Amino acid sequence: MTEPSAKEEKTASPAAGSKPASGAGGDGQPQINTLKMRRRIIWASIWGFVGVNFLMFLRFFFPRTLFEPKSVFSVGAPADFGLGVDTRYQQLYRIWVVRKPDRLFVIYARCTHLGCTPDWKESENKFKCPCHGSGYDSDGVNFEGPAPRPMDRARVELDAQGQIVVDVGKLYKCAKGERCEFDDSGAYLQA
Amino acid sequence: MADENNKQGKKGLTGLLDEAQEKARLLKERALEEAKALKEPEKTQVFRSIFRVKHDETPRSRALGVLTNVFFHLHPAKINRDAVRYSYTWGMGGISFYLFLVLTLTGVLLMFYYHPTKLQAFRDILYLEHDVPFGKLLRNMHRWAAHLMIITVWLHMFRVFLTGSYKRPREFNWCVGVVLMVLTLLLSFTGYLLPDDQLGFWAITVGTSMARATPLLGHEGPFGPQLGMTPYNDVRFALLGGSIVDSNALLRSYIWHCVAIPLIASVFMGVHFWRVRKDGGISGPGPVMLESEIKEQKGPTPVILRPSGMQ
């Protein structure tokens with residue numbers, strides 16, 4: 001690094017001598033500072049360029065448009081569902097519609113442990129996750145295995161035609177030690 | 001003016017004659033040389049620079065043969081005889097590298113039949129298994145070599161730990177090795193999704209669900225929600241290219257698996273092997289001490305143990 005700077009100093013000093021404005025203090029010292037500043041500016045531009053490019057590279061991994069299943073959909077009228085767990089929309093929308101005597105709600109079919117889809121075991125009246133064995137009762141409340149909380153419930157509404165509109169973009173949680181959201185308005189429909 | 005011109009002209013004429021004669025002589029020499037080269041092309045410089053030729057059987061040319069050959073040169077000229085005992089090294093580093101080569105070769109061949117799309121990926125696996133000539137062999141070689149490489153990399157690390165080979169002056173190479181081990185695990189993880197079967201799909205679902213809990217960068221991790229992380233902008237989203245394991249995730253893991261991570265791992269492997277040589281070869285049995293360390297000590301002279309490979 002020292003050698004080229006010495007060379008540049010030599011070549012630059014006669015040119016600088018012809019310029020009266022730059023050589024204020026004396027010969028040599030200001031020119032070296034100027035050269036150092038120029039070098040710093042060039043390196044700053046290079047690193048700035050590389051850094052901005054790296055940020056662009058990171059941003060590149062977050063797509064703007066997704067081609068995923070829609071999160072808001074209609075599943076029919078409340079009268080279409082009998083008491084108990086209904087699995088007819090599991091494949092299509094990853095939900096179960098559960099009807100109790102007093103209310104109807106929609107469980108989002110994602111195990112709260114690590115995100116697998118549990119199976120509804122009709123004979124045992126429970127949900128069982130095939131990945132790590134978490135078990136949930138017919139309300140989706142965990143009672144065995146590593147699951148930390150009951151399965152989340154999706155927002156449900158009735159539209160003008162009396163159809164149930166489900167929004168899995170808005171989930172209601174019931175984690176231990178936090179406020180249970182299952183009784184919030186939108187988490188269930190009054191039957 | 002005219003006189004001067006004349007003088008110059010005369011001078012020029014004789015000079016020109018001499019020049020022409022000289023040129024003719026050179027031309028003749030070159031023609032002779034070229035005729036010779038036509039008769040014996042294997043003796044020409046061009047031939048000898050393109051094709052390998054046999055040198056005289058002298059110690060010097062044999063030594064040069066090793067030093068100038070890139071493949072021989074990768075090995076050190078001499079190593080500690082204790083360090084090459086299999087009971088000492090288990091050969092795990094070398095076997096890991098060998099498996100990496102097997103995986104690269106079989107992996108490139110598998111790429112000829114595999115499409116990383118939701119529609120075709122699993123079909124291509126069935127096609128490879130049941131119809132492609134030697135497809136089953138290739139796929140199983142790739143699969144088993146991958147399993148084995150995970151095992152050998154861990155055993156290599158275990159051996160290095162047990163023999164204390166992570167100590168001075170090899171601390172840096174230990175760190176490079178740790179990075180290589182993580183890259184090996186990432187290669188294994190990204191390859192898991194590629195068959196697009198139930199096993200791989202749910203394994204990646206589980207694996208990337210863990211990324212939700214990343215501190216700061218995951219939407220279920222500590223301080224994640226406070227920093228505005230949602231399922232649509234956190235680290236898991238960047239890994240999958242979406243909020244669910246779908247076609248984007250398949251394509252991304254394919255590219256990480258086949259291009260990016262092997263390239264990064266190759267660079268680190270180059271550094272790793274170079275550092276083995278630079279730090280004094282394969283770590284030998286007994287404490288590794290540098291001479292400079294010993295000189296400072298007072299009292300009875302200890303047994304000098306040079307780093308193996310440095311004589």
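Where a number appears in this text, it was derived from the coordinates with a stated rule and is not lab data. In this text the structure is predicted, and so the values were computed from the model without any measurement. Here the Cβ positions follow ideal geometry from the backbone for every residue, glycine too, while neighbour counts run over all protein chains shown.
Details
- Cα pair distances in segment A:128-191, grouped into 5 Å bins until the bin that holds the longest one, percent each: 4, 17, 21, 21, 17, 11, 6, 2, 0
- Listed residue (B:45, B:191, B:150) projecting farthest to the positive dipole end of chain B, Cβ model: B:45
- For chain B, complete DSSP H runs whose alpha carbons reach 30 Å or more along their own long axis and whose mean Kyte-Doolittle score is -0.5 or higher are B:135-162, B:171-193.
- Taking only alpha carbon atoms, segment A:43-180 gives an Rg to Rh ratio of 1.17, where Rh is the Kirkwood radius.
- Prolate/oblate/rounded label for segment A:97-137 (Cα gyration tensor, a/c 1.5): oblate
- Under-5 Å amide H pairs with residue A:127, H placed in peptide plane, nonlocal only: A:121, A:136, A:137
- Considering only B:257, B:75, B:156, the mean-square fluctuation computed in a Gaussian network model of chain B, springs between alpha carbons under 10 angstrom, is largest for B:75.
- Under the convention that each Lys and Arg Cβ holds +1 and each Asp and Glu Cβ holds -1, the size of the dipole of the protein assembly as shown around its Cα centre is about 1840 debye.
- Neighbouring Cβ atoms from other chains, within 10 Å of the Cβ of residues in B:204-217, number 2 on average.
- Estimated from helical segments only, the mean residue ellipticity of the protein assembly as shown at 222 nm is -16000 deg cm²/dmol, where each DSSP H run of four or more residues counts as -39500 (n - 2.57).
- Filter on B:43/B:278; A:128/B:118; A:100/A:176 - keep pairs with C-alpha separation over 30 Å: B:43/B:278
- Shape class of segment B:105-233 from the Cα gyration tensor (axes a ≥ b ≥ c, square roots of the eigenvalues): oblate, since a/c reaches 1.5 or more and a/b does not exceed b/c.
- Summed side-chain charge close to residue B:45 - residues other than residue B:45 whose Cβ falls under 13 Å, Lys, Arg +1, Asp, Glu -1: -1
- Taking a straight line from the alpha carbon of residue A:173, these aspartates and glutamates sit under 17 Å away, with near neighbours fewer than eight places off in the same chain left out: A:137, A:139, A:152, A:181, A:183, A:184, B:220.
- Shown for A:74, B:96: other C-beta atoms within 10 Å of each C-beta, ranked fewest to most, produce the order A:74, B:96.
- Residues B:245, B:84, sorted so that the one with the fewest Cβ neighbours within 10 Å comes first: B:84, B:245
- Most fluctuating residue given options B:83, B:20, B:265, as computed from a GNM of chain B linking Cα atoms under 10 Å: B:20
- About the Cα centre, charge dipole magnitude for segment B:48-107 (Lys/Arg +1, Asp/Glu -1 at Cβ), debye: 200 debye
- Interchain or long-range residues, amide H under 5 Å from residue A:170's placed H: A:155
- Cα coordinate range in segment B:43-184, projected on the principal axes (Å, largest first): 62, 52, 25
- Between A:95, B:250, A:53, the Cα set farthest toward the positive side of the dipole of the protein assembly as shown (charges on each charged residue's Cβ, about the Cα centre) is that of A:53.
- Residue-span extension gain [residue B:227 to residue B:162] - 0.36 nm each, minus C-alpha spacing: 19.1 nm
- Each of A:82, A:151, A:67 was placed along the dipole of segment A:51-186 (beta-carbon charges, centred on the mean Cα), and the one lying farthest toward the positive end is A:67.
- Most mobile listed residue (B:236, B:62, B:159) in chain B, GNM with C-alpha springs under 10 Å: B:62
- Annotation: peptides A:172-183, B:120-131, ranked by per-residue average of other Cβ atoms within 10 Å with the highest first, follow the order B:120-131, A:172-183.
- Taken along its principal axes, the alpha carbon cloud of the protein assembly as shown reaches lengths of 127, 71, 68 Å, longest axis first.
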